[in-house]
Amino acid sequence: MLSDLLDESLVQLNVEASDWEDAIRKATAPLVANGKVTEGYVDDIIKGVHELGPYIVITEHVALPHARPESGALESAVGIVTLKNPVEFGSEDNDPVKYLFPLSAKDNDSHLSALQSLVELLSDPDFFTKLDACKDAKEVVDLVHAKERGM
Amino acid sequence: MDRKYHALVCCRAGMGSSMMLKIKCDQVIKEDNLPIETEHGNLDSIIGFRGDLVITMIDLTEELSQDPRVPSAIGIKNLVDKNEIREKLHAWLDEHKGEEPRR
């Protein structure tokens, strides 16, 4: 379940970011602070975008910052971050990015059900409408729980 | 046709976006009963891949198209847009009509 990988400490609303790199660093900071990933993992996310382009921007206004598990994923986790002012990642189709879902997965297959929930959430416009209306981290976690129960 | 085409769904990390893209592709393949089987992996999985098709997010496709080991590549712009995935898979199948799967 996605809810198992998410907790309030990984949620941040209305973050101010100056550019895409700053957005990734700020979005992933709680994952580093909570021992979910290493600093090297964050560096590898940024390196990937520099080398290969904004392929982590997977749908309109949404980025899924993640890197290879072996670059420093310590515990599986997902965060939810909204930006105060959306930033450009250089994605022709999906810029600007307002929502980031930083992801740490220890291996390929064990978190399939969490990723299944996440992809359903990202397919649901009502999720984003309600996310925009959330006032704090607890409301976001409650929203994900409620959505998962309805799937 | 009894035999199915094999598609590798991949991203740089081999988890996360590639897994989510595979989930979406599998939904379309099942709904439309397409003769395609998917597996997922990272960019290194291309080494040794003996299938017919590679599916990635579009920003990776340009790089992959230049790789001689990649038989054929589809790039997806919007991971959650089943219509885009549906159109591109059908177009690929039309283009390869009559061709035998490589394995």
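Where a number appears in this text, it was derived from the coordinates with a stated rule and is not lab data. A quick note: this is a predicted structure, and the numbers were derived from the prediction, not measured. Here the Cβ is made from the backbone with ideal geometry for all residues, glycine too, and neighbour counts use every protein chain on show.
Checked across the range B:61-71, the condition of being farther than 18 Å from B:Cys11 by Cβ, small (Gly, Ala, Ser) and surrounded by fewer than 15 Cβ atoms within 10 Å (Cβ to Cβ) holds for no residue.
Only a single criterion out of (1) farther than 30 Å from A:Pro102 by Cβ; (2) over 12 Å from the mean Cα position of the chain (by Cα) is not satisfied by B:Glu84, namely (1). Between A:Lys138, A:Lys98, A:Lys130, A:Lys84, the distinction of being in contact with a strand residue (DSSP E or B) (Cβ under 7 Å, 6 or more places away or on another chain), among the charged types (D, E, K, R), surrounded by fewer than 19 Cβ atoms within 10 Å (Cβ to Cβ) and closer than 20 Å to A:Asn14 by Cβ belongs to A:Lys84 only. Note on the range B:1-27: residues that are in a loop (DSSP other than H, G, I, E, B), more than 7 Å from chain A (Cβ to nearest Cβ) and among the charged types (D, E, K, R) amount to 3. Per this entry, A:Pro65 is counted among residues that are touching a strand residue (DSSP E or B) at 6+ places or on another chain (Cβ under 7 Å), within 23 Å of B:Lys82 (Cα to Cα), assigned to a loop (DSSP other than H, G, I, E, B) and touching a residue at least 12 places away in the same chain (Cβ under 8 Å).
Each residue in the range A:17-29 was checked for being part of a helix (DSSP H, G or I) and either in contact with a His (Cβ under 9 Å, 6 or more places away or on another chain) or surrounded by fewer than 20 Cβ atoms within 10 Å (Cβ to Cβ) (or both), and 5 of them qualify.
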